[in-house]
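Okay, structure first, notes after.
The values are calculated or read from the model by the stated rules, or taken from the named source; none is laboratory data. A quick note: this is a predicted structure, and the numbers were derived from the prediction, not measured. For neighbour counting, all protein chains shown are included, and Cβ atoms are generated from backbone atoms with ideal geometry for every residue, glycine included. For accessibility, only protein heavy atoms count, side chains too; no ligands or nucleic acids. Shrake-Rupley method; radii C 1.70, N 1.55, O 1.52, S 1.80 Å.
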Amino acid sequence: MSVFTRSRADRESLLLPELAALTTHHRANSEGYDRILSSLGIAADASFATIADLPWLPVRMFKTHDLKSIPDSAVFKTLTSSGTTGAGASRIYLDKEAAAAQTKQLGATLQEVLGGERLPMLMVDTIGIIKNRRSFSARGAGVLGMANFGRKHTYVLDENDKPDVEAVKKFLAEYGDKPFLIFGFTFMVWLYLYEVARDNNLDLSNGILIHSGGWKKLIDRAVDNTEFRRRFKEDTGLTRIHNYYGMIEQIGTVFLEGPSGNSLYCPDFADVVIRNPETWEEQPVGEPGVIEVVSTLPRSYPGHVLLTEDLGVCNGIDDGDWPGKHFSVLGRLPKAEARGCSDTFSGAAA
């Protein structure tokens with residue numbers, strides 16, 4: 001059953017009450033979250049006319065504050081982000097129910113492009129990344145989370161992070177004549193799969209590539225999304241390519257690139273708001289702003305309405321491959337601006 005069915009109007013009418021109820025739930029169960037909202041002057045019985053009216057938290061708050069809506073005894077899994085910005089790592093607390101829900105909804109989202117069967121899977125990474133099961137890095141969590149959707153996993157890199165061309169050839173000889181899944185982070189996919197496939201004339205035409213991560217390193221090589229897709233198609237035969245946007249602070253929710261490329265779509269339990277960085281009002285279609293991501297999944301911690309540190313633009317509403325808003329990520333906010341977004345809140349949460 002597809003999770004890409006809801007128009008913008010449907011989302012407003014169906015998600016808004018759920019998200020407002022989540023706001024109430026988190027206020028009742030997370031003292032820190034309640035304190036933040038109170039200090040911003042948001043009354044406990046406040047009502048919200050649209051999704052864009054809901055109060056958001058800057059994603060950075062999870063790096064500096066322990067925010068959870070479950071007792072310590074109910075914590076089943078703690079996820080940590082990569083924490084590359086020096087602001088420490090985000091800590092996200094899941095209970096058993098939340099962990100099961102995020103896996104289920106991630107599966108429902110990816111099923112749209114993978115179908116119902118678990119496919120043989122090429123992992124553009126090294127097995128070493130998932131060795132520590134108790135506390136994952138963001139990359140390890142991404143790899144492990146995706147591994148659930150495949151079988152007969154073959155890692156493209158050996159233990160020394162060098163491409164294992166023979167392993168890839170063996171995989172393709174065995175499974176390459178039917179649909180197979182490829183997963184990796186965008187830069188690694190380009191460096192370790194595209195270049196290896198091109199140089200060794202490998203046929204990836206039956207593959208379905210799911211990839212994520214920043215484009216920054218590839219822009220230095222003059223490769224954007226359009227070029228990425230074009231070169232994979234011309235040099236390896238791979239055409240079914242789906243980038244996705246997601247973050248550990250809203251684990252289980254991914255915004256998936258549609259079949260025709262260059263736009264990301266919201267699953268039915270999520271939405272996106274692009275905000276003007278001066279006024280914080282919602283931007284019209286075509287006007288860049290700060291990306292806010294909204295999801296009904298986070299129940300164990302108050303991550304249901306998050307202001308990211310990314311710039312994006314809404315490309316259209318109800319006029320793309322799937323219904324609802326579709327958008328592009330344009331890059332990271334400059335550090336100072338990102339800090340500015342969360343400065344308003346740091347006093348509030350002290």
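Residues that are out of contact with any Pro (no Cβ under 8 Å at 6 or more places or on another chain), open to solvent by 20 Å² or more (accessible area, probe 1.4 Å) and in contact (Cβ under 8 Å) with a residue 12 or more places away in the chain within the range 115-128 comprise Arg118, Ile127, Gly128, listed in sequence order.
Restricting attention to the range 284-298, report how many residues are free of Cβ contacts under 8 Å to residues at least 60 places away in the same chain and buried (at least 19 other Cβ atoms within 10 Å of the Cβ). Please lay out each step first, then the result.
Of the range 284-298, the ones free of Cβ contacts under 8 Å to residues at least 60 places away in the same chain are 284-291, 293, 295.
Now restrict to residues that are buried (at least 19 other Cβ atoms within 10 Å of the Cβ): 289-291, 293, 295.
Selection size over the range 284-298: 5.
I'd like the residue in the range 55-78 that is part of a strand (DSSP E or B) and farther than 28 Å from Trp280 by Cβ and, out of all such residues, is modelled with the lowest pLDDT. The extreme case among them is Thr78. Pairs linking a residue in the range 247-267 that is under 26 Å from Ser300 (Cβ atoms) and open to solvent by 10 Å² or more (accessible area, probe 1.4 Å) to a residue that is β-branched (Val, Ile, Thr) and at pLDDT 95 or above, with Cβ atoms under 9 Å and 6 or more positions apart or on different chains, are Met247/Val293; Glu249/Val293; Leu264/Val272. For Glu234, state whether it is more than 30 Å from Ile36 (Cα to Cα), out of contact with any Cys (no Cβ under 7 Å at 6 or more places or on another chain) and not assigned by the TED database to the domain that holds Asp72. Against the criterion (more than 30 Å from Ile36 (Cα to Cα), out of contact with any Cys (no Cβ under 7 Å at 6 or more places or on another chain) and not assigned by the TED database to the domain that holds Asp72), Glu234 qualifies.
In the list Gly214, Gly128, which residue meets the criterion of being modelled with pLDDT under 90 and within 21 Å of Tyr245 (Cβ to Cβ)?
Details: Gly128 fails: within 21 Å of Tyr245 (Cβ to Cβ).
Being modelled with pLDDT under 90 and within 21 Å of Tyr245 (Cβ to Cβ) holds for just one of Gly214, Gly128, which is Gly214.
Restricting Ala20, Ala52, Ala9 to residues that are assigned to a helix (DSSP H, G or I), within 21 Å of the chain's Cα centre (by Cα) and over 16 Å from Ser300 (Cβ atoms) narrows the list to Ala52. Note on the range 31-42: among residues that are outside any helix (DSSP H, G or I) and open to solvent by 50 Å² or more (accessible area, probe 1.4 Å), the one that is farthest from Met61 (Cα to Cα) is Gly41.
For the range 164-184, residues that are more than 24 Å from Ser212 (Cβ to Cβ) and under 28 Å from the mean Cα position of the chain (by Cα) total 1. How many residues are modelled with pLDDT of 95 or more, open to solvent by 40 Å² or more (accessible area, probe 1.4 Å) and either in contact with a Lys or Arg (Cβ under 7 Å, 6 or more places away or on another chain) or within 24 Å of His26 (Cβ to Cβ) (or both) if we restrict to the range 299-322? Final tally of qualifying residues: 2.
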